[in-house]
Protein chains: 2
Amino acid sequence: MGQLFERVCIVGVGLIGGSMGLAVRSREKTCRVVGVGHRKTSIDRALETGAIDEGTLDAAEGIKDADLVVLATAVGLIARLGKEIASSLPKGCIVTDVGSTKSEIVASLEAVLPAGVHFVGGHPIAGSEQRGIDAARADLFQGKVCVLTPTPRTDPHAMRRLADFWTALGARVVTLSPVEHDATLARTSHLPHVAAAALIASLRSPDTAFAGTGLRDTTRVASGDVELWCDILLTNRDAVLDAMNVFTAEMEELRRAVETGDRKQLASLLAAARARRDELWSNDSPSA
Amino acid sequence: MGQLFERVCIVGVGLIGGSMGLAVRSREKTCRVVGVGHRKTSIDRALETGAIDEGTLDAAEGIKDADLVVLATAVGLIARLGKEIASSLPKGCIVTDVGSTKSEIVASLEAVLPAGVHFVGGHPIAGSEQRGIDAARADLFQGKVCVLTPTPRTDPHAMRRLADFWTALGARVVTLSPVEHDATLARTSHLPHVAAAALIASLRSPDTAFAGTGLRDTTRVASGDVELWCDILLTNRDAVLDAMNVFTAEMEELRRAVETGDRKQLASLLAAARARRDELWSNDSPSA
């Protein structure tokens, strides 16, 4: 990795940014990691935990001489941050982000980043609902998928270097277009979040005494950070609405089978869901 | 418990029936537990694990001289089983069941059981999606809620004895009408199951490579037994449809907030769900 990058600047040293710093520093001692934070306390904490070599509150100073700049702030701030630092980015550097949605962010950054700076969008799928430097771990990306989202404007050499970087951090790199990424994550992550919130909202006060492990697991994601999830759902609006439409149609099919008492059809729908799920997580036994 | 019942007959020695046998036998050595099974192998296994003192394939023989008869077969078989054994039930005995839905079962059994036999519907909320005697445990009901569903026809003395019995097995006894039980469980258990199946059905083939722990947890219940869940959903049809209507309205409210980009409203809906969930499970941290 020392060959890949010599100076990595991570803007936003929370769970993902901090874990990237820990992962880089544990693997390659000659690579210098610079952290940029919004508050002095978070920079101090990142220094204490060993996630960064040096830290600053001044983004322009942090990105100076960096050959890789990682935008690891909250999803809703990434595009604005890119605009703010655009004119200070060193010529030839690679810029990436770790935002949970991609189409809006990639379009915004491609529009504002200057020529000679190479942007590649990214999204490591690892712990997006925990937050903060204290949850950061050097092995957070080990075996996890990191999606990179090149476009026709993406420099192939920058793309290869960034893929090698994530591979060195332990991730399995997968390439999708920004639109494909957003449609996929809408179905695998954003829709389940909305459904979990709606399940909780469907409860009536006396129900809570009868809540078993099934409801607990089904709604766990609804305890995620509210602002983060507003960012995600609103920056991926069209794909989320598409996924909700598909889900509504599936619910309607199940409802019809229950309403008409069509046991054969109901069994067929439940069996298909069960088979598909068991394929995904073969060793995950259901609880009540 | 020896004072409560002298001879308990459990018809259906799977997870729940077997665990009841283990719990009774570990607490009260003078109470005799008789198991009735559909296959000799399941009776042999129940004898081996110590869940029953004696076993038979003949329900009429098993219930002879019992002062408590527990119908612990699959939900869809309970009403028919009650009809079959009605004429063989000893005068004065108490009959209960452990079915996951109550209105249909209670109405059916109250209609067929003879005078002088005291029926009280029951539902221990414990592990309904695992199955089989091999998952049975003496402490399965420890600290779990057991709902009893008396009606105006229920004998108060039988109700008290059954409540004492479940309390002795470690359960917290809660009383609901059959209709209240079904409406509550529709929202806390049956609706989440339907939603989990619909979430899985909403996935497209390439999505599965991007499935994180959020989707895994949200859909865990969809790996439950298909026939059991057909029984549950179809014997609780009206309450399930009501719960689905409420859920659809909640989804629609979330959709509107996403569609119109109303961040304030979206944050308010997500925050309400988060607060309510955190109240239920304060120590359960979300994962990605």
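Quick notes on this structure:
- Failed item in (1) closer than 28 Å to A:S26 by Cα; (2) in contact with a strand residue (DSSP E or B) (Cβ under 7 Å, 6 or more places away or on another chain); (3) part of a helix (DSSP H, G or I); (4) of a type outside the set (F, W, Y), with A:G122 passing the rest: (3)
- 1 or more residues more than 22 Å from the chain's Cα centre (by Cα), facing chain A (nearest Cβ under 7 Å) and surrounded by fewer than 23 Cβ atoms within 10 Å (Cβ to Cβ): qualifying helices (runs of 4 or more DSSP H) within segment B:202-288: B:213-218, B:237-259, B:263-280
- Residue in segment B:263-273 that is of a type in the set (A, V, I, L, M, F, W, C) and under 23 Å from A:L254 (Cβ atoms) present: yes
- Conditions (1) within 17 Å of the chain's Cα centre (by Cα); (2) crowded, with 21+ Cβ neighbours inside 10 Å; (3) under 20 Å from B:V179 (Cβ atoms): number failed by B:G82: (1)
- Count of residues meeting criterion [within 9 Å of chain B (Cβ to nearest Cβ), part of a helix (DSSP H, G or I) and buried (at least 18 other Cβ atoms within 10 Å of the Cβ)] in segment A:159-197: 14
- Condition check for B:G116 on (1) out of contact with any Ser or Thr (no Cβ under 7 Å at 6 or more places or on another chain); (2) surrounded by 16 or more Cβ atoms within 10 Å (Cβ to Cβ): one failure, at (2).
- Residue within segment A:70-87 that is among the β-branched types (V, I, T), at pLDDT 95 or above and over 28 Å from A:V226 (Cα atoms) present: no
Here is a yes/no grid of residues against (1) farther than 16 Å from B:T213 by Cα; (2) modelled with pLDDT of 95 or more:
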residue	(1), (2)
A:W166	yes, yes
A:R172	yes, yes
A:S177	yes, yes
A:L191	no, yes
A:R204	yes, no
A:E252	yes, yes
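- Among residues of segment A:16-43 that are touching a residue at least 40 places away in the same chain (Cβ under 8 Å), those with a beta-carbon under 8 Å from a residue that is of a type in the set (S, T, N, Q) and part of a helix (DSSP H, G or I) at least six positions away or on a different chain give the pairs A:G18/A:T49; A:L22/A:T49.
- None of B:T167, B:T188, B:T154, B:T175 is touching an Asp or Glu at 6+ places or on another chain (Cβ under 7 Å) and free of Cβ contacts under 8 Å to residues at least 40 places away in the same chain except B:T188.
- For segment B:7-45, a residue qualifies if it is assigned to a strand (DSSP E or B) and within 17 Å of B:T73 (Cα to Cα), and the qualifying residues are B:V8, B:C9, B:I10, B:V11, B:V33, B:V34, B:G35, B:V36.
The values are calculated or read from the model by the stated rules, or taken from the named source; none is laboratory data. Please read these numbers as outputs of a predicted model, since none were measured by experiment. With ideal geometry, Cβ positions are generated from the backbone for all residues, glycine too; neighbour counts draw on all protein chains shown.
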